[in-house]
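J.: Questions regarding the structure given below will be posed in turn.
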Amino acid sequence: MLKPYKNAKLTDITSPFSANETWRDWVHTGVDFSFPNCYGTPLVAPENCVVENIITPNNFIESSLDEAYRSKLKNGYGIVLKGQRYRHLFWHCQGIFPVSVGDKVKAGKIVAYIGNSGLVFRGGAFIPLEIRNEKPYLGAHLHQEIYEWLPNGTIKRYNPVDFIEWNLPIKNDMMDILLSAKVA
């Protein structure tokens with residue numbers, strides 16, 4: 001699978017899978033990526049997928065996530081992509097999605113942008129919404145998950161790092177970025 005954005009690297013990980021940080025009241029179910037000035041970085045489909053859901057504060061009925069988890073994703077933007085076996089969640093996105101629910105997207109297509117929406121912490125401290133929306137866009141990062149629904153109706157989550165082929169190039173160029181923004 002592709003990395004979530006063009007120049008992603010392991011050193012961009014700020015919170016690993018299954019982290020049990022003392023400030024969080026749950027075990028981390030994904031991997032957080034952040035780097036200086038990451039706000040607005042295009043995110044790409046990790047494999048050939050279908051856009052299963054675009055989560056917004058007004059569209060939070062999310063059938064692809066379990067009930068207990070939904071309450072932790074308040075007032076944010078995210079996208080759920082369904083691959084051949086796995087689902088991929090990108091969370092804390094900007095409210096700009098150059099794709100629509102039901103679209104078939106090829107690996108490497110821009111599907112969202114890194115933002116700082118939803119429940120955002122930095123160094124264990126909550127970042128209030130009123131100070132996030134101006135440069136330097138405090139709390140900007142990507143929360144990425146890979147999971148699958150099991151036959152018994154439960155979700156099994158996986159460490160995205162174990163699936164990413166770090167050396168596979170992402171080929172989007174300035175024209176791809178400009179074309180993805182036209183839908184905004």
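For (1) surrounded by 10 or more Cβ atoms within 10 Å (Cβ to Cβ); (2) within 18 Å of Tyr5 (Cβ to Cβ), each residue gets a yes or a no:
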position: Phe126; (1), (2): yes, no
position: Glu130; (1), (2): no, no
position: Glu148; (1), (2): yes, no
position: Ile155; (1), (2): yes, no
position: Tyr158; (1), (2): yes, no
position: Val161; (1), (2): yes, yes
position: Trp166; (1), (2): yes, yes
position: Asp176; (1), (2): yes, yes
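J.: Sticking with this structure for a sec: What's the number of the only condition in (1) at pLDDT 90 or above; (2) crowded, with 19+ Cβ neighbours inside 10 Å that Leu10 fails to meet?
T.: (2)
J.: Given the conditions (1) out of contact with any Cys (no Cβ under 7 Å at 6 or more places or on another chain); (2) surrounded by 10 or more Cβ atoms within 10 Å (Cβ to Cβ), which single one is not true for Leu81?
T.: (1)
J.: Considering only the stretch 88-184, give the strands (runs of 3 or more DSSP E) lying wholly within it that have at least 1 residues that are touching a residue at least 60 places away in the same chain (Cβ under 8 Å) and closer than 15 Å to Ile54 by Cα.
T.: 110-113, 142-149
J.: For the stretch 83-124, name all the residues that are more than 19 Å from Asn7 (Cα to Cα) and among the β-branched types (Val, Ile, Thr).
T.: Residues satisfying the conditions are Ile96, Val99, Val101, Val105, Val120.
The values are calculated or read from the model by the stated rules, or taken from the named source; none is laboratory data. Here the structure is a predicted model, which means the values were calculated and not measured. Please note: Cβ atoms are built from the backbone with ideal geometry, for glycine as well, and neighbour counts cover all protein chains shown.
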